[in-house]
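The structure appears below as structure tokens.
Each reported figure results from applying straightforward, stated rules to the coordinates on display, with no laboratory input. Small disclaimer: the values here were computed from a predicted structure and weren't measured. Cβ: placed from backbone, ideal geometry, glycine included. Neighbour counts: every protein chain shown.
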Amino acid sequence: MYAPPPAQARVYAQPRFAPTVTQEMRIRAGMQAPQQVVTDTPWTGAVRKTQPETEPDSTGNIVRLVAAILVLVGLVIGLALLALLGGLSFGVRLFGLIGLAAIPLLGIIAYVLWLDRWRPQPKLLLGICLLWGAVASVILTLGFSLVGEVALYMIGINGVPDVIGAVIQAPILEESTKTVLLLVIVLAARRYFEGPLDGLVYGSLIGAGFAFTENILYLGQSWNDGELPGLAVTFAMRCLGSPLLHTAFSTCAGVSIGLAARKWPWWSLILMWLPGLLLGMILHGFWNASMTFLGVLGQATRDVMGGMLPQIIGLIVLSAILSAAWVTLGIILRRSERMHTQNMLGDYANSGWLTHAEVDMLGTWKGRKNGRDWAKSFPGGKEEMKTMIRTSGKLSTTRMRVLAGIGGEQERKIERAELQQFADARERLLAASKQTAPQQSMR
């Protein structure tokens, strides 16, 4: 099973949406080969025809976990207060409004979780993002809007014109309050914000949460003003015709931050928030301006669908473009994430910690599935295989941080601990397979 290091290393393909890893970076971040180099393992050959150790950064992880739980509790309390206010405003109808607004929300969450399957992020962070959009960003937007109106009133200006409010004020305030959480995550827990796919996942959930609360408000207002016909029109236009607007707008900042998160220093992450934030504001303002213009244009065609035909056509066309771009980007980044994992694990195979066969299997969906199917025939084997798969994703993140010089010696300690965790899971899996083989042969 063990032999000297392989004579030739394999070159793994570079993913498209990830920083280029040069030979100089690999030399600078060179790793020490294990005492016993892995050349082949029965589990990879078979598929082709516990308790993890405490990481060196465990204290910091505990602090971040406590902080995240406190934030989550605060957001849940805020959600309860919003629900109370909603109950006072809409009564029992609030339950119906929540059900209608949840239809696009559930679809977005399902797609985002599908994107996040390759290297899942902590569910706690995902929940915070969703609640931040639904609670904190809404409250902050309303608060800043109120402060702005008071300030204008004090200097003699009686409010902001509706057009300016929709095209300029709303995009600036809403996109800023939504995506500022992305900065907090990447600066406080950069290990869990390791690339553009993570940014898309976090940004999408924030935008979906914001749209959920906003849809409840608009649906409730329409129900109060126009009874059921008004409610049906608003539901069709917002929840069915344009469900991904805020999701797409918030994604821009998440992806721009994610592009810098793998390789660049911390201050560059703040700078990279700005282009994505600006793009989200521009798209948001363009959408509001287009709907306002088409609404005015519709006044000339009141005899056709009450003057709503231009808005309906514009809404369908623009929403389809934004939605297709968001869905396509997610699929592209998901594939790039898989290639990135394979590329980083290739360093460990070239150093003898893994075999190239293991990289091929841990770096593909089919390989992971076949590995789980093979391992479940042994007592506890499936759990050990899951540990190996999960640890391989963590190792790809750690290796990129080591290559980029992020984290210093502490990151190298984490890398060694994760390599040992992977090796221990492999040994337990092989031990289970050897114990099972004689029993199967006796039958």
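Details
- When you restrict to C-alpha pairs under 8 Å that are six or more residues apart and normalise by the size of region 344-443, the relative contact order lands at 28 percent.
- For the peptides 68-75, 166-173, 144-151, the ranking by packing is 166-173, 68-75, 144-151, with the highest mean count of neighbouring Cβ atoms within 10 Å listed first.
- Label zone of F293 (point 7 Å out along Cα→Cβ, amide N under 18 Å): in region 306-344 this covers 308-322.
- Each listed q (0.06, 0.07, 0.10 Å⁻¹) maps to a log10 I(q)/I(0) for the chain, found by the Debye formula over equal Cα scatterers with no solvent: -0.33, -0.44, -0.80.
- Segments 85-98, 390-403 sorted - mean Cβ within 10 Å per residue, highest first: 390-403, 85-98
- Of the residues S256, P196, T234, the one whose Cα sits farthest toward the positive end of the charge dipole of the chain, with +1 on the Cβ of Lys and Arg and -1 on the Cβ of Asp and Glu, is P196.
- A simple spin-label model places pseudo-atoms 7 Å from Cα toward Cβ; at Q420 and K366 they are separated by 3.7 nm.
- The gain in end-to-end length when the V160 to V184 segment is fully stretched comes to 5.6 nm, 0.36 nm per residue minus the alpha carbon separation.
- Helix-derived mean residue ellipticity, 222 nm - over the chain, DSSP H n ≥ 4, -39500 (n - 2.57), to 500: -25500 deg cm²/dmol
- The stretch between L240 and K376, if pulled fully straight at 0.36 nm per residue, gains 44.7 nm over its current Cα-Cα span.
- Efficiency of FRET from Cβ geometry, I321 and V73, R₀ 51 Å, rounded to 0.05: 0.85
- Euclidean distance of C-alpha centroids, region 146-189 and region 74-138, integer Å: 22
- What separates the Cα centres of region 220-242 and region 329-394 is a distance of 47 Å.
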